[in-house]
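Worksheet for the structure shown next.
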Amino acid sequence: LPYRAISEEACLGVVGVVQRELLTPRGLRTLSPKNINYKGIYAGNQAERDRAYHQGTVWPWLFGHFAEAYLRIHGKGGVDYIQGIYNGFEEVMTEAGIGSISEVYDGDPPHLPGGTISQAWSVSELLRTNALLKKYRRKRK
């Protein structure tokens, strides 16, 4: 949103919890490992994968939303942190599909790839994150 729906203090709290419990080098988990229903590995037959899909599996496209929230709170001071995570995606650009990133990753380290070998919305969020980083680098604060 172009405005804050909650206070700055609440924003800091939400982003902090997401950073501690959901953020991985490959995006955001869909459920915290602290939750009893957490599934850290996206593997198995169709039913097992379906159960893991939204119970801890990492979705790279969610990283863009985290990056935007983090930069809104921390401004130019958050650029290096987000840039470091962003740069980490380079090492997986040839992991499953050449020049792309996978649909999902395991919630547990080492965050192995799963799903389709190339996912447009994940790639587009990395491109949007790069544009956000450039925008925040240009800002004076």
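The values are calculated or read from the model by the stated rules, or taken from the named source; none is laboratory data. These figures come from a predicted structure and were not determined experimentally. Please note: Cβ atoms are built from the backbone with ideal geometry, for glycine as well, and neighbour counts cover all protein chains shown. The area values use the complete protein model at the heavy-atom level, side chains included, leaving out ligands, DNA and RNA. Shrake-Rupley method; radii C 1.70, N 1.55, O 1.52, S 1.80 Å.
Every residue in the range 3-31 that is polar (S, T, N, Q), farther than 19 Å from PRO110 by Cβ and touching a residue at least 24 places away in the same chain (Cβ under 8 Å), please. Don't jump to the end; show me each part of the working.
As a first pass, look at the range 3-31 and keep what is polar (S, T, N, Q): 7, 19, 24, 30.
Retained after the next criterion (residues that are farther than 19 Å from PRO110 by Cβ): 7, 19.
Listed by number, the list holds a single entry, GLN19.
Where residues in the range 120-136 are closer than 18 Å to VAL104 by Cβ and within 13 Å of the chain's Cα centre (by Cα), which of them is most open to solvent (accessible area, probe 1.4 Å)? Spell out how you get there, then give the answer.
Start the filter on the range 120-136 by keeping residues that are closer than 18 Å to VAL104 by Cβ, which leaves 120-126, 129.
Adding the requirement that they be within 13 Å of the chain's Cα centre (by Cα) leaves 121-126, 129.
Numbers: TRP121: 122, SER122: 0, VAL123: 49, SER124: 55, GLU125: 25, LEU126: 19, THR129: 0 Å².
By that ranking, first place goes to TRP121.
If you go through the range 90-135, how many residues are more than 25 Å from HIS54 (Cβ to Cβ) and touching a residue at least 40 places away in the same chain (Cβ under 8 Å)? Let's see the steps before the verdict.
So the first thing to find is which residues in the range 90-135 are more than 25 Å from HIS54 (Cβ to Cβ), and the list is 90-91, 93-94, 98-99, 130-135.
Okay, now just the ones that are also touching a residue at least 40 places away in the same chain (Cβ under 8 Å), so 130, 132-133.
Selection size over the range 90-135: 3.
Within the range 119-141, which residues are at pLDDT 90 or above and in a loop (DSSP other than H, G, I, E, B)?
Listed by number, the list holds a single entry, GLN119.
Could you tell me whether the range 86-107 includes any residue that is of a type in the set (D, E, K, R), at pLDDT 95 or above and open to solvent by 20 Å² or more (accessible area, probe 1.4 Å)? Break it down stepwise before answering.
We begin by selecting, within the range 86-107, every residue of a type in the set (D, E, K, R); these are 90-91, 95, 103, 106.
Filter again for at pLDDT 95 or above, leaving 106.
Checking which are open to solvent by 20 Å² or more (accessible area, probe 1.4 Å) leaves us with none.
For the range 86-107, residues of a type in the set (D, E, K, R), at pLDDT 95 or above and open to solvent by 20 Å² or more (accessible area, probe 1.4 Å): absent.
Is it the case that some residue within the range 63-72 is touching a residue at least 12 places away in the same chain (Cβ under 8 Å) and more than 18 Å from THR24 (Cα to Cα)?
Taking the range 63-72 first, the residues touching a residue at least 12 places away in the same chain (Cβ under 8 Å) are 63-72.
From what's left, more than 18 Å from THR24 (Cα to Cα): 72.
For the range 63-72, residues touching a residue at least 12 places away in the same chain (Cβ under 8 Å) and more than 18 Å from THR24 (Cα to Cα): present.
Quick one: in the range 15-24, of everything that is outside any strand (DSSP E or B) and not aliphatic (A, V, I, L, M), which residue is nearest to ILE85 (Cα to Cα)?
Residues of the range 15-24 outside any strand (DSSP E or B): 15-22.
Filter once more, keeping what is not aliphatic (A, V, I, L, M): 16, 19-21.
On the way: GLY16: 16, GLN19: 12, ARG20: 14, GLU21: 16 Å.
For the range 15-24, the residue satisfying everything is GLN19.
When the residues of the range 46-73 are filtered to those that are at pLDDT 95 or above and open to solvent by 70 Å² or more (accessible area, probe 1.4 Å), which remaining residue is nearest to GLN19 (Cα to Cα)?
Going through the qualifying residues, I end up with HIS65.
Does GLN55 fit the bill of being touching a helix residue (DSSP H, G or I) at 6+ places or on another chain (Cβ under 9 Å) and free of Cβ contacts under 8 Å to residues at least 60 places away in the same chain? So that I can check it myself, show each step before the final result.
On the way: touching a helix residue (DSSP H, G or I) at 6+ places or on another chain (Cβ under 9 Å): no; free of Cβ contacts under 8 Å to residues at least 60 places away in the same chain: yes.
So GLN55 does not fit the description; no.
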